[in-house]
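Quick notes on the structure that follows.
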Amino acid sequence: MSEQLLSVDKLGVDFTRRRTTFTALEEITFSIAEGETVGLVGESGSGKTTIGRSILGLVPPTRGTLTFRGEDITHASRAKRRELSRDMQVVFQDPYTSLNPSLTIEGILAEPLRAQGIDRREAGRRVKELLDRVRLPSDAAGRLPREFSGGQRQRVAIARALALRPRLIVCDEPVSALDLTTQQRVLDLFIEIQRDTGCAYLFVSHDLSVIRHVSHRVIVLNRGKIVESGGVEKVTSDPDDPYTQRLMMSAPLPDPGAQRERREELEKLRVDSERAA
Amino acid sequence: MLSFIAKRTLLALSQMLVISAVAFFLLYLSSSGIARTILGEQATEEQVAAKTAELGLDRPLPVRYVEWLLGVFQGDLGRSYFTPQDVSDALISRLPTTLSLLIATTIIAALIAFALGIAAAVYRGWLDRLVQILSIAGYAIPGFLFALLLVIVFAINLGWLPATGYVQLTTDPLGWLKTVILPIAALSIGVIAATAQQVRGAVIDVLRQDYVRTLRSRGLSEREIIFKHVLRNASGTGLTVLGLQFVGLLGGAIVVEQIFALPGLGTVAIQYTSRGDIPVVMGLLIITSLIVAVVNLLVDLGVGFLNPKARVA
């Protein structure tokens, strides 16, 4: 974790619809180092997905700056984005809509390579490598997305993100649509890939156990603002901010007795914070 | 792919068989005294009996159906009751007019509908709303009303185009164009309205998918995204609707041909059906159901070509 790969400085995003402005993000400042995983956690509507999207250029930032490898990418042009895509990729939540249904797996994986001008033979070779990388059989290349399960599709999406050997992958809830055992395997795959390639992740999730599993550092988001950030151990076991405390408490425990205690504790926290407000 | 075509063809043939059988029995069972109708009220009982025997109407219905069917396979659709003409001659001379009208309408309507649907889905905003309003209006206004409106404005008031008449495409292409512009416009309006709506919806659906978002994040131009990735997944819907609309056009053509006095199948249908000329009606039925079967097959193949997901055996 040497130099900063991505710096987000005072990022703000407003959504305007028919003269009413909604501030989705405010004063977001953080950075990601090479080979580091930053977990972004928060409840629905807290703005975590919007952060990911503005880094990818899908949502225009209203304020602030984004710096990637020392270069200002806040308002990067299409051509610049195309160039950037070699270093920055994305894995989305829903493996059922993230793959073009009319292309074979080989077509899906070769597309980003071909778009960067890599020739057909070389692309084909790389596709085999990628399938192997994400533990899919090489005969998967000729099949269509519908022939795969959710977990397998997500592996294809990960393989596509890896195709250009990026430095940063924005993962927007990449395991939320999968069942628990598949989640575990896909998360391990993420970790393994990071160990081998040294890429960094911005890992967006609402699920704390997922964040705890993969992240080095955690950022907690509430209503478009960062409420707490720090090392994964500190934030997840001994949070300072009351919102983070409540968020940690809201994850259910398998033991009913422990869960009852936790629920009471959570209730107390809620009453306290209401009194404070 | 070949087995797919073979299966579809077989299916289409069996459909035509059922349609023709049902129509044949219904038509003959519901019309009594055919010979009397042909000969008129003054004819004697003997004359009527002789005519009945001549037309073979005294024999059992199933036998007559099988005979008719065997004839069809040899290209013989029988003879008209009222004119000394073979049914196939009467219809085949009219077929090019109707077919050229329908095919031209479909191609033009498809181009306009896809352009409007894609534009509405991509740009949204006022353009989308305008396309929506026009679509609803176009769908609500019947083709014949629109046809009359076109005649009043462009043929009578402005005098730019002829109101009625027809020139063969092969004899004078420019003259043909002049005579078919208004009929094509009248027929396309409903097709454009229905198809544009479907294309718009399908394109919007595909644009919302994460794989399109992934492409955007990689800085691909909107044009590349639409034409390389979105259209392929969205056009199946448009194509299917277009196929259905084509079938509907066969009905619309009857009225529109009548308004513009085009010598097509529609005019024949009105003339002969009202007279109860069953052999001609059966001939029309076979030809139109053949057209529908071919169009359906083409649509299925087109959808399968565009989208391997839909390629079912």
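The values are calculated or read from the model by the stated rules, or taken from the named source; none is laboratory data. A quick note: this is a predicted structure, and the numbers were derived from the prediction, not measured. Cβ: placed from backbone, ideal geometry, glycine included. Neighbour counts: every protein chain shown.
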Helices (runs of 4 or more DSSP H) completely within segment A:46-152 that count 3 or more residues being more than 23 Å from A:Ile191 (Cβ to Cβ) and more than 9 Å from every other protein chain (Cβ to nearest Cβ):
A:105-115, A:120-133
Quick one: would you say B:Val131 is in contact with an Asp or Glu (Cβ under 8 Å, 6 or more places away or on another chain), under 30 Å from A:Leu58 (Cβ atoms), part of a helix (DSSP H, G or I) and touching a residue at least 60 places away in the same chain (Cβ under 8 Å)?
no
I'm trying to understand the selection: among the residues of segment B:158-185, which are part of a loop (DSSP other than H, G, I, E, B) and without any contact (Cβ under 8 Å) to a residue 12 or more places away in the chain?
B:Leu158, B:Gly159, B:Trp160, B:Thr170, B:Thr171, B:Asp172
Counting only residues that are of a type outside the set (Val, Ile, Thr), away from chain B (no Cβ under 14 Å) and surrounded by 20 or more Cβ atoms within 10 Å (Cβ to Cβ), how many does segment A:168-183 have?
2
Segment B:220-234 residues that are closer than 24 Å to B:Gly304 by Cβ, paired with ones that are small (Gly, Ala, Ser) (beta carbon under 7 Å, 6 or more apart)
B:Arg232/A:Ser102; B:Asn233/A:Ser102; B:Ala234/B:Ala202
Name every residue in segment B:191-229 that is buried (at least 22 other Cβ atoms within 10 Å of the Cβ), of a type in the set (Lys, Arg) and within 13 Å of another protein chain (Cβ to nearest Cβ), in order of residue number.
B:Arg218
Unmet criterion (only one of (1) exposed (fewer than 12 other Cβ atoms within 10 Å of the Cβ); (2) assigned by TED's automatic domain parsing to the domain that holds A:Thr23) for A:Ile219:
(1)
Mind checking which pairs have a first residue in segment B:66-91 that is in a helix (DSSP H, G or I) and a second that is of a type in the set (Lys, Arg), Cβ under 9 Å, 6 or more apart or different chains?
B:Glu67/B:Arg59; B:Val87/B:Arg79
Consider A:His206 carefully, then state whether it is surrounded by fewer than 20 Cβ atoms within 10 Å (Cβ to Cβ), touching a helix residue (DSSP H, G or I) at 6+ places or on another chain (Cβ under 7 Å) and touching a residue at least 60 places away in the same chain (Cβ under 8 Å).
no
